[in-house]
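Nothing in this text is a laboratory measurement; each read-out follows from the coordinates by a stated rule. Please read these numbers as outputs of a predicted model, since none were measured by experiment. Ideal geometry is used to build each Cβ from the backbone, glycine not excepted, and the neighbour counts take in all protein chains shown.
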Amino acid sequence: MTKHSRITSHGIRLAVLALAVAATGSAIAASAVATSTGVVVAPIAIAKTAEMSFGSFAVGTTAGSVTLSPNGTRGVSGGVTGMTGATTAAQFNVTGQSGNTYSISVSGTQLSSGTDTMAYAPVSDLTASAITSGTVSSGTLAGGAQSIFVGGVLTVAANQPAGTYTGSVTATVEYN
């Protein structure tokens, strides 16, 4: 072989080696790729589907209370007498991502007629039961929906002035 052909062969070998390193990367570095994903769930929503009504009642010289269960049944105690008329619990329908759990907060304002008021404490559950105290604090969106039923307890003063008393109940939900 001639000196010229050795250089050429040597040059070719170096060129091939350089191409091999360029094609495969550095012999001392490596990398891998992972797929990243994210899932956007359906937003949680709530809608009122029924208003709350304690119905009509009378009070004398002794204080008492009116209790409305989440199933809409009413009980009275103390100096309160229940009158005829419809009573209904409030109902809120919650929708969102099926199977997800969520927290529930129920609050209400006192009922008032002008400057006259009656204290209100909420009573709630997920099954429209006949409970008379307590509030539900969480739920699970089976099939992407669930209902919250809300009643409450009104504290009625002795000689509570006659009138139509109004207030509000708020149910707030949030994914856990």
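Can you pull the one-decimal nm distance between simple spin-label points at THR84 and ASP116, each 7 Å off the Cα toward Cβ? Result: 2.3 nm between the two label points. Rounded to the nearest 20, the size of the Cβ-charge dipole of the chain about its Cα centre is 1240 debye, with Lys and Arg at +1 and Asp and Glu at -1. Extension gain for ASN159 to ALA45 (0.36 nm times residue separation, less C-alpha to C-alpha distance): 36.9 nm. Mean separation of Cα pairs under 8 Å and 6 or more residues apart, divided by the residue count, gives the chain a relative contact order of 26 percent. Taking Cα atoms only, the orientation of helix 3-24 departs from the longest principal axis of the chain by about 10 degrees. Across segment 83-176, C-alpha contacts under 8 Å between residues 6 or more apart give a mean separation that, scaled by the residue count, equals a relative contact order of 43 percent.
Calculated FRET efficiency, SER133 and THR37, Cβ-Cβ r, R0 45 Å, to nearest 0.05? Each step should come with its number before you reach the end.
Working: r = 45 Å, r/R0 = 1.00.
So, using R0 = 45 Å, E works out to roughly 0.50.
Hey, if you put +1 on the Cβ of every Lys and Arg and -1 on every Asp and Glu Cβ in the chain, which of THR95, ASN71, ALA130 ends up farthest toward the positive end of that dipole? Of the candidates, THR95 comes out farthest on the positive side. A quarter of the convex hull surface defined by the alpha-carbon atoms of the chain gives 18.2 nm² as the mean projection.
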